[in-house]
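See structure below.
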Amino acid sequence: MTDQEDPSPYTRSFFAAAIVLGAVLICGALLLFAGTPSTAAPTPSGNNSPTAVNVAPAVPVVVKSCGFPVGDQSVPTAGPAVDSWEVSRRVVVPRSATYGPGKTDPDGFRRCFAHNPTGAIYAAYNAIAALNDQHQAVATTRKLMLPGPDTNALLRAVETEEPSEAAVAAQPAAFRIIDATTDRVTLSLALPVEDQYMSLTLTLVWYSEDWRVISPKPGDQLGAPFSQHRDLDDFITWKGL
């Protein structure tokens, strides 16, 4: 299969529903590639490379440690243990007393995750839920994204755009760790699209006592690169539905 990317501009509606729009826009393409083996997402480059991270504070957000132990730094080879699966902003997300989230803000944003690869997986699933609510796009940008010039540009964009009611919630079904260090985890999340799957890529960086998502460059897509898959053979199935 080949990757299909959404050329949508960098706006509030794209930010809050980018992962959903990507899924919707490739639905037809999935049928065209039904006879082709699935393609795993390539290792991200550009803004997702270690040298491209700019952590200069731009949006002042104070996030205190929630007291989770650092714990096991190994990369999970199976779905992590879950205390419960809960609905957050129309997405079913995991909760654990070991990995987080340790706190939920009044607006529903879930934060404070363990400083290890498993905590990053928990954070990524909850990030998908946070991105689902376009009415909270500005607050989500401040709380979720890694501070820096790209997040500043994203914030300026979402502040001027009206939310759309057309987006459909995106539900992660599986994950695959692409690369993991103590303070940086890149992973691919698979989401169902009709009878197949699409995957998106997120890179999370440990910053201010929590995991933050690296913003795309202005004009680029949040979640890129995307890939199409007939099954979850290359992933670890992990879902609450």
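The values are calculated or read from the model by the stated rules, or taken from the named source; none is laboratory data. What you are looking at is a predicted structure, and each value in this text was computed from that prediction instead of being measured. Here the Cβ is made from the backbone with ideal geometry for all residues, glycine too, and neighbour counts use every protein chain on show. Side chains are part of the model used for accessible areas, which takes the heavy atoms of the whole protein and leaves out ligands, DNA and RNA. Shrake-Rupley method; radii C 1.70, N 1.55, O 1.52, S 1.80 Å.
Entry comment: accessible area of the stretch 88-241 is 34 Å² per residue, from protein heavy atoms only and a probe of 1.4 Å. When the P(r) of the stretch 99-241 is calculated, the portion above 28 Å amounts to 14% of the C-alpha pairs. Length gained on full extension, residue 194 to residue 220, computed as 0.36 nm times the residue gap minus the Cα-Cα distance: 6.8 nm. Rounded to 0.05, the FRET efficiency of the residue 208 and residue 92 pair, given R0 = 35 Å and the Cβ-Cβ distance, is 0.80. Taking 18 Å as the cut-off, the amide N atoms of the stretch 95-116 that come nearer than this to a point 7 Å along the Cα-to-beta-carbon line of residue 138 belong to 106-109.
Nearest 5 is fine: what % of DSSP beta bridges in the stretch 121-222 come out antiparallel, could you say? Before the final figure, lay out each step's value.
Numbers: 20 of 21 bridges.
Roughly 95 percent of the beta bridges in the stretch 121-222 run antiparallel, per DSSP.
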